[in-house]
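Structure incoming, see below.
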Amino acid sequence: MTVTDHPGNMDDCVFYRAVVEDTGIGMSEDYRKHLFEEFARERTSTECKVIGTGLGLSITKKLIDMMHGTIEVQSEIGKGTKVIFEIPHRIVEETNLTAEDKISAEPDLDILEGKRILLAEDNDLNAEIAFEILSEVGLIVERAEDGAICVEMLQKAEDGYYDLILMDVQMPNMNGYDATKAIRALPDAEKANIPIFAMTANAFEEDKKNAFEAGMNGHIAKPINIREMFRLLSTVLIRPKNEIVN
């Protein structure tokens, strides 16, 4: 996938052109004529063993049309497919940025360097991605494979060893909510008051409410907005350790 930007026919916008290309089975010229029609499939699920309704590209086309963009598909059987789409993005003037926008745009990454994060995450791939993102700005990351291990690691650590916990919610043995409650009940006040942030795909208001009720200090939704996460972490980690942030 490649993305480039260029001027378009709208003065206050820049156009982003994305090209997504594969080396797959491709598609016939006859089928390409019906590609964006509802329920259109070149081969049935019985033939190709891939279940689908034939609605994905139809919905994609409608969304791109609504955003005043364009989409085209180039394909040849046995040689793969190339999808090209362009969407205009409005250019924001500096004077129109709010104070909150400016804060979000420039997190203080110097604050994060050397801070130690305890990451409670049972999924190996998610943990690897989080580790790479967090380590890139100088954070030291240690992983707990579930909530019970997270509580145990915190209990065994020296006071002040961990600066913050990123807690997945859905984990085996002990979920993130129960792990947070267990941490908040620890007799060691410093460990009990460590900042804990949910890091989960459960992003509804009810999920955020559940996180706060369990004793968490915040909620980071997946897929992660990296800049916003760093802004949030830098805001929290600059505060005194004995101050609980809600």
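On a 1.4 Å probe surface of the protein chains, which of Lys181, Lys156 comes out largest in accessible area, and what is the full order?
On the way: Lys181 110, Lys156 155 Å².
In descending accessible area the options line up as Lys156, Lys181.
Something else: Can you list, bin by bin at 10 Å, the percent of alpha carbon pairs in region 194-235, starting at 0?
Whole-percent P(r) values from 0 Å outward: 31, 56, 13.
A follow-up question, please. If DNA, RNA and ligands are ignored and the probe is 1.4 Å, what is the ranking of Asp188, Asp207, Asp178 by accessible area, most exposed first? Before the final figure, lay out each step's value.
Values: Asp188 50, Asp207 30, Asp178 70 Å².
Per-residue accessible area, sorted high to low, gives Asp178, Asp188, Asp207.
With a 1.4 Å probe and every protein chain left in place, tell me how much accessible area Phe230 has, in Å² to the nearest 10.
Ignoring ligands and nucleic acids, Phe230 comes out at about 20 Å².
Could you please put His6, His219, His34 in sequence from largest to smallest accessible area, using a 1.4 Å probe?
Working: His6 55, His219 35, His34 85 Å².
Correct descending sequence by accessible area is His34, His6, His219.
On to the next question. Determine Rg/Rh for region 113-246; Rg is computed over alpha-carbon atoms and Rh is the Kirkwood hydrodynamic estimate from the same atoms.
Details: Rg = 13.3 Å, Rh = 14.5 Å.
My calculation puts Rg/Rh at 0.91.
The values are calculated or read from the model by the stated rules, or taken from the named source; none is laboratory data. Since this is a predicted model, take the numbers as computed values, not measurements. Note: areas computed on protein heavy atoms with side chains; ligands, DNA, RNA excluded. Shrake-Rupley method; radii C 1.70, N 1.55, O 1.52, S 1.80 Å.
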